[in-house]
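Scroll down for the structure; my scribbles are underneath it.
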Amino acid sequence: MVTQINTQFSDLSTEEKIKNSARAVFHKKGFAAARTRDIAQEAGINLALLNYYFRSKEKLFNIVMLEAFQSFFSSISIVFNDADSTLDEK
């Protein structure tokens, strides 16, 4: 049972490592020039492991972008929902 829990945590950290590396590579090279091999190398994993987690560059890009938009919108919602500031201050 402990082995299953440790495996789940290591899976999460590997997944996060891949997403963080993908963000960096997409930011540096753009979607078209980024290769899954570049992302795997940046993450320090083999290409098969990246494909196991995300299946394709497009799917990984969509996940990374969705998380970026969610983070952005949650940040600005705090400003928009602040009742103590005027519209001009926002």
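The values are calculated or read from the model by the stated rules, or taken from the named source; none is laboratory data. In this text the structure is predicted, and so the values were computed from the model without any measurement. No Cβ is skipped: glycine too gets one built from the backbone with ideal geometry, and neighbour counts run over all protein chains shown.
Taking the conditions (1) modelled with pLDDT under 95; (2) among the polar types (S, T, N, Q); (3) in contact with a Lys or Arg (Cβ under 9 Å, 6 or more places away or on another chain) in turn, Asn6 satisfies each one other than (3). For the range 46-65, the count of residues that are modelled with pLDDT under 95 and of a type in the set (S, T, N, Q) is zero. For the range 24-62, the set of residues classified as within 30 Å of Lys90 (Cβ to Cβ) and either of a type in the set (Val, Ile, Thr) or touching a residue at least 24 places away in the same chain (Cβ under 8 Å) (or both) is empty.
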